Amino acid sequence: MKFSFSGEQEEFRTSLRRFLGERSPTKEVRRLMETDAGFEPAAWRKLNTELGLTAVRIPEAYGGQGFGFGELGIVLEEMGRALLCAPFFSTAVLATGAILNAGTEDQKQALLPGIAAGDTIATLAWVEDPAHWEGAATRMTATQTGSTWKLDGHKSYVLDGHTADLIVVLARTAGSSGDEGLSLFTVKGDAKGLERRNLKVMDPTRKLARLDFKGVEATLLGDAGAAAAPFARTLVEASVCLANEMAGVSERLREDALAYAQMRMQFGRPIASFQSMKHKHADMLVDVELAKSAAYYAAAALDEGDEDIVAVASIAKAAASEAALQTAVHAIQIHGGIGFTWDNDTHLWFKRAKSSEVLLGDAHHHREQMMQHWAA
């Protein structure tokens with residue numbers, strides 16, 4: 001298993017960082033996070049026509065570029081670093097993963113080219129109230145009448161659910177429980193009987209929505225009652241991808257805090273020269289580097305087909321969650337009084353670190369997942 005990036009991967013990272021730095025300055029982030037959509041459709045199309053980022057992980061047979069999670073992790077890390085406001089995680093990670101893991105060959109041929117081209121914004125809806133990340137907690141019902149399926153229930157905390165053109169939905173047949181009877185379905189964003197509304201969130205750079213389904217017509221994705229395994233695989237992949245994104249958030253917070261400490265003068269000296277400040281920056285560096293190592297290892301493990309990927313993914317997500325939040329806390333403290341103000345940009349990454357900490361389960365949840373995997 002590789003523990004370093006190739007020259008081509010580093011060149012890709014460099015060009016991507018330059019592109020995102022130009023297209024996602026904090027001024028643009030602040031503008032987009034105040035909009036209802038949370039992104040600019042024209043900029044989204046340009047992102048995909050020029051760089052083809054939604055196609056990175058999709059196989060060439062379906063119009064994609066055929067790269068692995070190592071390359072997708074680079075994309076997500078740089079997006080976290082730039083705090084890009086776009087429906088990338090929902091489309092390229094969650095929905096694409098569900099379709100690849102659960103869909104039939106014909107369904108992949110029909111759905112994935114639009115995502116790869118950037119024409120289709122998609123998402124995955126599975127969480128309900130009260131929030132549980134496991135598929136076994138699903139209560140939404142799917143009823144079959146002839147060849148038609150109807151969905152009834154609700155989904156909460158759906159990433160970009162208010163703007164998605166295609167929604168992959170997890171539901172169960174009436175009378176089933178646990179992992180039995182779970183199926184995945186695709187629903188059009190403008191389907192009759194579907195109501196969508198934005199949720200008020202702490203992190204406005206990542207939009208969430210509540211979806212209410214009242215007899216909404218849906219198309220079965222894959223085989224009926226067989227969604228438990230592909231859905232679980234999708235969440236494992238998403239956890240690894242989110243860990244890589246959080247590594248980018250952590251690195252940006254650490255670098256900005258260090259730059260401020262080197263510039264801020266106190267008693268005629270930069271505060272970065274104080275011994276206590278050196279200790280804090282050393283702790284931040286260790287936390288961030290360990291989180292990055294875990295995230296990189298997990299992405300490589302996915303590409304290598306590691307049999308312990310469930311535990312590896314949980315370790316990566318737990319490490320990245322704690323590193324991102326702790327680094328954000330340190331960054332706020334280093335900035336002093338200004339770090340708590342709206343005008344300072346630190347709070348933007350702080351909120352992303354906090355929202356990502358709980359997305360897909362916090363560190364405690366993933367350590368429990370890891371222990372259950374080893375016990376099994």
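Seen from all directions on average, segment 165-211 presents a Cα convex hull projection of 4.7 nm². The packing ranking of peptides 144-155, 329-340, highest mean first, is 329-340, 144-155, where packing means the average number of other beta carbon atoms within 10 angstrom of each residue.
With r as the distance between the Cβ atoms of D212 and F274 and R0 = 45 Å, compute the FRET efficiency 1/(1 + (r/R0)^6) and round to 0.05. Don't jump to the answer; show the numbers that get you there.
On the way: r = 54 Å, r/R0 = 1.21.
According to the calculation, E is roughly 0.25.
Solvent exposure of segment 1-153, expressed per residue, is 43 Å² of accessible area, with all protein chains present and a 1.4 angstrom probe. Farthest towards the positive end of the charge dipole of segment 240-376, among the residues Q326, M265, I315, is the Cα of M265, using unit charges on the Cβ of Lys, Arg, Asp and Glu. Amide H contacts of D160: K207, L208, A209, each under 5 Å away and 5 or more positions distant or on a separate chain (H built 1.01 Å from N in the peptide plane; Pro and chain starts excluded). Each of A229 and H132 was given a label point 7 Å from its Cα along the Cα-to-Cβ line. The distance between the two points is 2.3 nm. If you look at the Cα atoms of segment 190-248, you get an Rg and a Dmax of 15.6, 41 Å. Taking θ as phi - 60° and the Karplus parameters 6.51, -1.76 and 1.60, the scalar couplings of segment 338-347 work out to 5, x, 9, 8, 5, 5, 7, 7, 4, 5 Hz in sequence order, x denoting glycine and proline.
In loop segments of segment 296-339 as defined by DSSP, the GluC sites (Glu not before Pro) with at most 11 further C-beta atoms inside 10 Å of their C-beta are E307.
Coordinate range of the alpha-carbon atoms in segment 182-328 per principal axis, descending: 69, 39, 16 Å. Within the chain, all pairs of alpha-carbon atoms sorted by distance into 20 Å bins from zero give the percentages 29, 58, 12, 1. The charge dipole of the chain, taken about the Cα centre with unit charges on the Cβ atoms of Lys, Arg (+1) and Asp, Glu (-1), comes to about 1180 debye, rounded to the nearest 20. Computed over the chain, the per-residue total of -39500 (n - 2.57) for DSSP H runs of n ≥ 4 gives a 222 nm mean residue ellipticity of -17000 deg cm²/dmol, rounded to 500. Computed over protein heavy atoms with a 1.4 Å probe, the carbon and sulfur contribution to the accessible area of the chain reaches 53%.
Taking chymotrypsin sites (Phe, Trp or Tyr not before Pro) across segment 1-74, the ones in a DSSP loop with at most 13 further Cβ atoms lying within 10 angstrom of their Cβ are F3.
Could you tell me which trypsin sites (Lys or Arg not before Pro) in segment 1-39 are loop residues by DSSP with no more than 12 other beta carbons within 10 angstrom of their beta carbon?
Working: sites: K2, R13, R17, R18, R23, K27, R30, R31; in loops: K2.
Answer by residue number: K2.
For segment 60-75, 3J(HN,Hα) computed residue by residue from phi via the Karplus equation (6.51, -1.76, 1.60; θ = phi - 60°) reads 4, 4, 10, x, x, 9, x, 7, x, 6, x, 6, 5, x, 4, 4 Hz, glycine and proline entered as x. For segment 142-265, the extents of the C-alpha atoms along the principal axes are 73, 29, 22 Å, listed from largest to smallest. Over all directions, the projected convex hull of the C-alpha atoms in segment 248-376 averages 8.6 nm² in area. Remark on G189: its backbone amide H falls under 5 Å from those of L166, I167, a criterion applied only to residues 5 or more positions apart or on other chains, H modelled at 1.01 Å from N.
Couplings 3J(HN,Hα) for segment 144-154, derived from phi with the Karplus relation 6.51 cos²θ - 1.76 cosθ + 1.60 (θ = phi - 60°), are 9, 10, x, 9, 9, 10, 10, 10, 9, x, 9 Hz, where x marks Gly and Pro. Here, segment 52-165 yields an orientationally averaged convex hull projection of 8.2 nm² when only Cα atoms define the hull.
Can you work out D for segment 1-104 in µm² s⁻¹ from Stokes-Einstein, where Rh is the Kirkwood radius over C-alpha pairs, the temperature is 20 °C and the viscosity is 1.002 mPa s?
Details: Rh = 14.6 Å.
Stokes-Einstein gives a translational diffusion coefficient of 147 µm²/s.
Electrostatic bookkeeping for N198 treats Lys and Arg as +1 and Asp and Glu as -1; over the other residues with beta carbon under 15 Å from its beta carbon, the sum is +1.
Go through K27/K192; K46/K351; K46/K150; K188/K292 and tell me which ones have a Cα-Cα distance over 31 Å in this structure. Correct reply: K27/K192; K46/K150; K188/K292.
The values are calculated or read from the model by the stated rules, or taken from the named source; none is laboratory data. In this text, all values refer to a predicted model and were calculated from it rather than measured experimentally. Glycine gets a Cβ as well: all are built from the backbone with ideal geometry, and neighbour counts include every protein chain shown. To get the accessible areas, we keep the full protein, side chains included, count just its heavy atoms, and leave off ligands, DNA and RNA. Shrake-Rupley method; radii C 1.70, N 1.55, O 1.52, S 1.80 Å.
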